[in-house]
């Protein structure tokens, strides 16, 4: 998971991109990068760490131009602690291209061989983003030249690129002296939204971002999502072109975006994240009624922050008091994207504190958005019981995560997943929980796609059915081996 933004404006855009990355910080805290274009001159700055720590005044002054892009990253491919792995990436031919990417390519082994033997291109990192950039550059170079540069030829290059890459990707690229190119994978797994602002004197300004809140916060109007398999090209003058570059496109967005990743004030693929989470709570409450007697529950509590909408609906539907018992230190990063288990364990206690007066001698029903590794959940249960809770019933607004997520979320190892090859009673014992209740897969689907035009979601981490149809057991074994090595 990463956050990306690209802007074509009549004004200097370094501050706009910086502000946009602050809004996307929840999507990645490992590294960040900004690139701008001033005429045909490209400027680039990237660094490890948070946005507010990465850029000094002199860096921002050097990022000149009215066209640019920005990225925040948490590592799913490539090392988290190497600045060389940070995005954006750059190649000097054709023209000079800088690219950012949210997602995961799943055929990197084949691409690595082809890039070296067929394309004669060298990559200097282990990042699949650098591979994607070099494949794009190769295909653009074969379809355009200085004499025939046109949106049509750019799109022909993108069509050829689509034939070579597999997996999930929402990407934005600067092409020196020409404009911004953006494209989305044929299943629309990772999000990308278009915004527009009318400039009365000079036409339109454009923005592309992972989440709609970035568009609204910058006073742009939301136009639409980039369609699955679609490429967008915006010239330096603000002329907008689009082309469907994949003939087998079908919208199947990642369900985990709505469960956890996206901010609740975003709208993606026409679906309000906040309303989807409210509906998750409604459905979860119905499941809780089947397995838990309401007389066994004194209060309903969320794990802040992303589970709060679901918890409020659970309390409402059950007719039980909703209380806030866990308080969050907002100066500690999200534990899900901490790079290792030891860091994650340490961060949980730094991040959350249980207020004893809300727990003492009570039966607590805790609502979390999801349970992945179980590390956080186990410590939360321990905190609740240490604070005096009689009984802890733990519920998840998402189904059991039993399979690796290979499309851009850091769940590569089956052995780390608490629900992998475990029954509910075994999970309860492992986490020291009195009772565990999970959301049903069909109910999760209904909660997300209700009143939308979407008919299918990527639910692979819950079902083991991978939407691209190219993920084999051998591939999962290889990914896990690479992760653990």
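The values are calculated or read from the model by the stated rules, or taken from the named source; none is laboratory data. Everything quoted here is computed from the prediction, not taken from an experiment. Note that we place each Cβ from the backbone using ideal geometry, even for glycine, and neighbour counts take in every protein chain shown.
Key figures
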read-out: Cross-chain or 6+ apart pairs with Cβ under 8 Å, region 398-426 first and free of Cβ contacts under 8 Å to residues at least 40 places away in the same chain, then surrounded by 21 or more Cβ atoms within 10 Å (Cβ to Cβ) and not in a loop (DSSP other than H, G, I, E, B); value: 424/436; 424/438
read-out: Any hit, region 292-301, residues being in the same structural domain as residue 365 (by TED's automatic domain parsing), in contact with a helix residue (DSSP H, G or I) (Cβ under 8 Å, 6 or more places away or on another chain), under 21 Å from residue 359 (Cα atoms) and buried (at least 23 other Cβ atoms within 10 Å of the Cβ); value: yes
read-out: Selected residue [under 22 Å from residue 73 (Cα atoms), modelled with pLDDT of 95 or more and in contact with a strand residue (DSSP E or B) (Cβ under 8 Å, 6 or more places away or on another chain)] from 207, 222, 232; value: 207
read-out: Among residues of region 465-485, those that are in contact (Cβ under 8 Å) with a residue 24 or more places away in the chain, loosely packed, with under 13 Cβ neighbours inside 10 Å and either in contact with a helix residue (DSSP H, G or I) (Cβ under 7 Å, 6 or more places away or on another chain) or part of a loop (DSSP other than H, G, I, E, B) (or both), counted; value: 1
read-out: Tabulated pairs, region 91-110, first within 15 Å of residue 125 (Cα to Cα) and in the same structural domain as residue 406 (by TED's automatic domain parsing), second crowded, with 24+ Cβ neighbours inside 10 Å and modelled with pLDDT of 95 or more, C-beta under 8 angstrom, 6+ apart or interchain; value: none
read-out: Helices (runs of 4 or more DSSP H) enclosed by region 67-174 - at least 2 residues per element that are at pLDDT 90 or above, in contact with a helix residue (DSSP H, G or I) (Cβ under 7 Å, 6 or more places away or on another chain) and under 24 Å from residue 241 (Cβ atoms); value: 128-143, 151-162
read-out: Among (1) under 18 Å from residue 5 (Cβ atoms); (2) out of contact with any helix residue (DSSP H, G or I) (no Cβ under 7 Å at 6 or more places or on another chain); (3) free of Cβ contacts under 8 Å to residues at least 60 places away in the same chain - the single one residue 60 does not satisfy; value: (2)
read-out: Residue that is part of a loop (DSSP other than H, G, I, E, B), under 30 Å from residue 301 (Cα atoms) and either in contact with a strand residue (DSSP E or B) (Cβ under 9 Å, 6 or more places away or on another chain) or not assigned by TED's automatic domain parsing to the domain that holds residue 186 (or both), where the choices are 447, 419; value: 419
read-out: Residue satisfying all of: in region 370-396; in contact (Cβ under 8 Å) with a residue 60 or more places away in the chain and more than 31 Å from the chain's Cα centre (by Cα); farthest from residue 433 (Cα to Cα) among these; value: 387
read-out: Conditions (1) assigned to a helix (DSSP H, G or I); (2) more than 23 Å from residue 104 (Cα to Cα); (3) free of Cβ contacts under 8 Å to residues at least 60 places away in the same chain; number of the one not met by residue 433; value: (1)
read-out: Options 285, 262; residue that is in the same structural domain as residue 405 (by TED's automatic domain parsing), modelled with pLDDT of 95 or more and crowded, with 21+ Cβ neighbours inside 10 Å; value: 285
read-out: Top-ranked residue of region 306-320 - restricted to ones that are in a loop (DSSP other than H, G, I, E, B) and touching a residue at least 40 places away in the same chain (Cβ under 8 Å), ranked as nearest to the chain's Cα centre (by Cα); value: 306
read-out: Unique match (being in contact (Cβ under 8 Å) with a residue 40 or more places away in the chain and either in contact with a strand residue (DSSP E or B) (Cβ under 8 Å, 6 or more places away or on another chain) or at positive phi (or both)) among 271, 267; value: 267
read-out: Residue 208 being out of contact with any helix residue (DSSP H, G or I) (no Cβ under 6 Å at 6 or more places or on another chain) and touching a residue at least 60 places away in the same chain (Cβ under 8 Å); value: yes
read-out: Residues (modelled with pLDDT under 95 and in contact with a helix residue (DSSP H, G or I) (Cβ under 7 Å, 6 or more places away or on another chain)) located in region 434-454; value: 450
read-out: Subset of region 1-59 [over 21 Å from the mean Cα position of the chain (by Cα) and part of a helix (DSSP H, G or I)]; value: 14, 15, 53, 57, 58, 59
read-out: Residue match in region 304-312 (condition: in contact with a helix residue (DSSP H, G or I) (Cβ under 6 Å, 6 or more places away or on another chain), within 19 Å of residue 440 (Cα to Cα) and modelled with pLDDT of 95 or more); value: yes
read-out: Some residue of region 391-414 being at pLDDT below 95 and surrounded by fewer than 14 Cβ atoms within 10 Å (Cβ to Cβ); value: no
read-out: Boolean, residue 219 is more than 18 Å from the chain's Cα centre (by Cα) and without any contact (Cβ under 8 Å) to a residue 40 or more places away in the chain; value: yes
read-out: Failed criterion for residue 187 (all others in (1) part of a loop (DSSP other than H, G, I, E, B); (2) without any contact (Cβ under 8 Å) to a residue 60 or more places away in the chain hold); value: (2)
